[in-house]
Structures are given as C-alpha cells and as structure tokens.
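What follows is a single structure, written as structure tokens, with notes after it.
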Amino acid sequence: MATPGEKLAASLEVLRNIQVQGVIGIKSANINRVHRERLLKHGFLKEVVKGWYIAIPSDEQSGESTSWYTSFWSFCADYLNNRFTDSYCLSADQSLQIHSGNWTVPNQLLIRSLDGPNGKTQLPFNTSLFTIKSPLPKSAEITKINGIRLLTLPSVLLHCTPLMYTNSSTDMRTALAMIRDSSEVLKLLLDGGNSVIAGRLSGAFRDIGKGKIADDIIKTMQAAGYNVREINPFEGQSPPLFYTKAVSPYVNRISLMWHEMREVVIDVFPQAPGLPGDHEKYLKSIESLYVMDAYHSLSIEKYNVTPELIERVRSGAWDVKKNKEDLTHLNAMAARGYWQATQSVRESIQRILNKENPGKVFDHDLGDWYRALFTPGVAAGIFKPSDLAGYRNNQIYISQSKHVPPNVEAVRDCMPALFELLIRESEASVRAVLGHFIFVYIHPYMDGNGRIARFLMNAMLASGGYPWTVVPVESRNTYMEALEIASTRQEIKPFATFLAFLTQAGLNGTPVASLV
C-alpha cells in the first residue's frame, strides 16, 4: 500500500505533467478528483473560479497574492479561450494597454463576446473579468498576443475611448508612436467614414511629432469627401520627447514616464547642495554609514543579516576557509557581496565627484556592481557561474506586485534607453528618483534589482552633492507601496516625496533611527 508521501508524489507528478504542457489555468477535467483534492489539501493548488485552478508553491503564505498576479494573464488566456473559443476579444482600451507594453494586472479585465452574457466573474484579490455581450470587429482586426485575443493596434486607435488620451496618456502616446505609416489606420478610417476620429488621430500624431502621418490622414480623408477638423486630444499636456526609432514600445513608455514625472520630482525634492569641494570627506561620510546601510538594504530584501555579520565582513574576519558557515550561508554571501559592491560603487562616485557624466559612469560600471554583488555566491556554489552573465534571460515577476516587468527582449532595448535618459538629465534629484524607479520597473536582473537600484539612487544623489541616503527597513511597506503606485498608475509623487523626506533628513543630519 502506498504511503501518504508516495501518494502526494504521484499527484505532484500529474501536476508537473500538466505544467510541462504550458497549462496555467487548470480545469477540473484536466486532473482527476483524487489528485485534485490531495493537491488542494496540501496547498499545491488554489481554486480561482468554480472548476478552475492554478498551481501555487506549498510554502506560499495565506493571503499572499504573488502566485495569482504571476499567473493572471496566462490563466485568463486559458480560461477565455476555453470558455469563448474565437468569439471574444479584449476591449479596445485594454487592448491598447497591452500593445503599449503595459501588462499591469487590472482590477477588472473587460471582455467583448458574442456569447455573453453580460456579467462579472470574480477572481482572487479583488480582480475580476467583466463580459460585455457585443458584436466583434472583423477577424482582420483581431490578433493574439500571449494567447489572448485583442484588437489590432490600428483598430485600437479607432475604437478606444477619448478618455484614454487624458487618463492613460503614456499608454496612448506609446501606442501612437508604434504606427509607422498612415496607411495602417487610413483603411479603417475610410471604410468606416470616421471623420471625427480622423481629426482626433491627426491631432494626436502631430502632438507626438509625427506630422507627416497627421497630414496624410487629413489630406486623404478630404480627398475621399470627408470634412475633417483636427483637434489635439492631449491639449493642456506638455509635449513629449520620443525615441522615434525605438524597436520596442517599452522604450517610448520609459521616455514618456521620465518626461511626465521629472517636474513632479523637482517640485518635491530639496535643492541640490552641489558637488562637495572636499571629496575625501564626502567619501568618508559614505563609509561611516556602511554598516547601517548594508543592514537596512539587505533586510529590505529579507536577508537575515546582523550588524555583527556586516562588521565581520568589513573588517576582514569573514573567512570561508576557517568558517564553514561563511562558505555556505546565503546571508553571509549576501553581506560579502554587498561589501564588494559598495566598494565598486564608491569608485564610481569618485569619478562622478570628478565631474564625469553620472549617466555614462553608471552605464560603464553597472556590470562591475552586479558582478561584485554576486561573485561570493558563485564562488561558494550558491549561484551558477552563468548567473554572472548579465541581464536576465527569463521573464521575472515581483512579489505581490501587479506590475509585470518588460519581457527578455525588451530589457535589451530598455537599458540603453535608461542610460541615455540619465546621461541627458540635468537634475541630480531626477536622476536619483527616476533612475531608481525606472531600474526596478525594468527589473533587468533575476536578482539584486532592489539593491542595485538603491546604489544607483545614491550614486546619482552624489552627483548633486546630496548625502548618502538609507532607506530604513522599518519603512519597507511605504517604500514598496510607493514603487507599486509609480509602476502601476504612473504616479511618481508618493515615491519622490518619500525619498525627498529621507534625503532632507540626511541634509539636516537627522539619524535614520529617529525617522522610524
């Protein structure tokens, strides 16, 4: 007779075989009742809606949203394709967000379907699907991305609501910038006689610097007998800066966010003191904060480190030959890596103080920071040597976040865009706040993104003579929530205000301990 462990192993093997096929949304019909109930009992399955499940790690805490947010889009693809086959598509507004590279998990995903009925399907963590019974556009206006049926980009631009221009201007401008030629939208405009939409689109294209497309739309519609009045749906918003030759929507998205957020940062941040005259004194002030900084930065990432361990690493008492715990303990490896990376960052700051362009220094030295952070773990066999290769080669998700970082291919486009934005930026406060935010928005590495983002923030603060700023672990929730708001709503003020408060405290000489 099989033992309980053998029974569970058999059920896990069934689950593994389902996952190997790429199935995320698991129907009850895909797994028999005995295996299903056993996996539910032991916490390896979670019911999403009646008769549909997702796999979860057995150690995931009750109430934790990570597995659901990670599975959301793939689950929706499996569920919708099974329920509606080819008789559905996402709404125009939601389709536009996806085309623009915005894969943030929505509170409610709007679905158009021939089969209806109108109604809401509740999903975990206050997310839902809302189905609207509606005729679908022609099949030529529907495409599939990551298994989900949505409107093509030209169709989206015709059918999205005018409110998208004001409420989701980053998504809208990013999508418009992806249109290469007026012919992509003109056929739909002419077939539908959409003169009002043509006027709105021509104004929108002119706003983002694509005047030729705007002129082509107006002239062609007029030649066909339509009266077109051009209006700018972005009126009242400052004109954007664009990477017009970008190969990825994410690049324009990042450029737009930077452009739209920088004035907010400047408004809330204290004025930069200017580069210090005494470089050695400034660098010694950084060194004096090392133990406190390492403790808080590593603790934010949930490493269990102590000031004593950090001090042992700094003083050289850390010794893998004499102390086996130093060789095998992940926390010790993290502490050692943080020490090495701090030395590398310190060298970068020295060059910044010598008036080298901060963005160029970061571009040149980022790989050194990353390798310093993880070399101890590789040497101890905790990480693979290939983990030092550089940018990630797999999709990554952020714990309990609705923000989905750019895909692997997009990372290679986004990082040069970030370097260029830092190089061109004139304000140290903007380099620090938006550099940190955009870096974690991209999440270019499989691990270490938070620590490197805080190193980046402090290197850019140094470029304005601001003091090294420690983010206290006691403020972790505030810090993470502010980053989440910036990533999912494109609202930077909470994050900028939080960092401005910490930086001002440093300027005033206020100890970190008194801030929490």
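Residues in segment 376-386 that are surrounded by fewer than 19 Cβ atoms within 10 Å (Cβ to Cβ) and assigned to a helix (DSSP H, G or I) were compared, and the one that is modelled with the highest pLDDT is P385.
In segment 212-226, is there at least one residue being surrounded by fewer than 22 Cβ atoms within 10 Å (Cβ to Cβ), closer than 29 Å to S139 by Cβ and among the basic types (K, R)? No, segment 212-226 has no match at all. Just one of the listed residues (L150, L136, L114) is at pLDDT 95 or above and of a type in the set (A, V, I, L, M, F, W, C), namely L150. On inspection, A462 fails the criterion of being modelled with pLDDT under 95, assigned by TED's automatic domain parsing to the domain that holds K355 and buried (at least 17 other Cβ atoms within 10 Å of the Cβ). The sole residue among N81, N107, N118 that is touching a residue at least 60 places away in the same chain (Cβ under 8 Å) and either touching a helix residue (DSSP H, G or I) at 6+ places or on another chain (Cβ under 7 Å) or in the same structural domain as I132 (by TED's automatic domain parsing) (or both) is N81. Restricting segment 231-263 to residues that are surrounded by fewer than 19 Cβ atoms within 10 Å (Cβ to Cβ) and of a type in the set (V, I, T), the residue that is modelled with the highest pLDDT is I231. Scanning segment 449-466 for residues that are touching a Leu at 6+ places or on another chain (Cβ under 7 Å), outside any loop (DSSP other than H, G, I, E, B) and small (G, A, S) returns a single hit, A462.
Please determine whether any residue of segment 151-161 is exposed (fewer than 15 other Cβ atoms within 10 Å of the Cβ) and either more than 31 Å from the chain's Cα centre (by Cα) or of a type in the set (G, A, S) (or both).
Kept after step one, since they are exposed (fewer than 15 other Cβ atoms within 10 Å of the Cβ), are these residues of segment 151-161: 161.
Now restrict to residues that are either more than 31 Å from the chain's Cα centre (by Cα) or of a type in the set (G, A, S) (or both): none.
Checked segment 151-161: no residue is exposed (fewer than 15 other Cβ atoms within 10 Å of the Cβ) and either more than 31 Å from the chain's Cα centre (by Cα) or of a type in the set (G, A, S) (or both).
Set side by side, the residues L188, L176 differ, and just one is among the hydrophobic types (A, V, I, L, M, F, W, C), touching a residue at least 40 places away in the same chain (Cβ under 8 Å) and in a helix (DSSP H, G or I), which is L188.
Table: residues versus (1) within 24 Å of T121 (Cβ to Cβ); (2) part of a strand (DSSP E or B).
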| residue | (1), (2) |
| --- | --- |
| E6 | no, no |
| Q19 | yes, no |
| V23 | yes, no |
| A29 | yes, no |
| V34 | no, no |
| E37 | yes, no |
| V48 | yes, yes |
| I54 | yes, yes |
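V471 meets the conditions (1) under 22 Å from the mean Cα position of the chain (by Cα); (2) part of a helix (DSSP H, G or I) in every case but one. The failed one is (2).
The values are calculated or read from the model by the stated rules, or taken from the named source; none is laboratory data. Remember, it's a predicted structure, so these values are computed and weren't measured experimentally. No Cβ is skipped: glycine too gets one built from the backbone with ideal geometry, and neighbour counts run over all protein chains shown.
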